[in-house]
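Presented below is the structure to which this report refers.
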């Protein structure tokens, strides 16, 4: 399989392949460790203009109930009204408002909605390449990273520690590893 990365070849509409993508996060726990997890259920679309990337758009809808860290008790707490409140807010969404070049990479700017609160975010994005898979699908890969403050989205629950500090960090690092399939 040959991987290419010329931006003009990226022009078109692409559907995120959640089975081959990851939407991850990490947050400090008790000030001494990092808890990592992901959302298993999400979908999205990219409309890319390889000649003029500023005309490109990205949208995603994330199933809040698919939140997982691999610990059932912790996952249940995060899905509760203390944090995501998945019964009241079953989805998180992202809609881009701007794409701008940053050297060989890009910055994807958009509105992220979590817990019913929408805030602007900037995601540093790297094009990983484009290839045709063994099934004849044209794919493109992207990786991305950003950091948000969970309090900006109304996720304010915390607990004080005996030794000082708080149980859950405010900063949440979000990482994306996206594989998208070009629409026929």
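All of the numbers you see were taken from the coordinates with simple rules; none came from a lab. It should be emphasised that the depicted structure is a prediction, and the values quoted were computed from it without experimental measurement. Neighbour counts are summed over all protein chains in view; Cβ atoms, including those assigned to glycine, are modelled from backbone coordinates with ideal geometry.
Using the Cβ-Cβ distance between residue 20 and residue 170 with R0 set to 30 Å, the FRET efficiency from 1/(1 + (r/R0)^6) comes to roughly 0.40.
Simple spin-label estimate for residue 68 and residue 40 gives 0.3 nm between the two label positions (7 Å along the Cα-to-Cβ direction from each Cα). Could you work out how far the C-alpha centroid of the stretch 69-142 sits from that of the stretch 52-66, in angstrom? Using only Cα atoms, the two centres lie 7 Å from each other.
Of the options (i) 17.6, 58; (ii) 16.5, 54; (iii) 15.9, 51, only one is Rg and Dmax of the Cα atoms in Å as computed from these coordinates, and that is (i).
As a test of the formula, what do you get for the chain when each DSSP H run with n ≥ 4 contributes -39,500 (n - 2.57) and the sum is divided by the residue count, at 222 nm and rounded to the nearest 500 deg cm²/dmol?
-1000 deg cm²/dmol
What the Cβ-Cβ distance of residue 77 and residue 122 gives, at R0 = 30 Å and to the nearest 0.05, is a FRET efficiency of 0.55.
Give the Kirkwood hydrodynamic radius (Å, one decimal) of the stretch 1-71, defined as one over the mean of 1/r across all pairs of different Cα atoms. For the stretch 1-71, the Kirkwood estimate is 14.6 Å.
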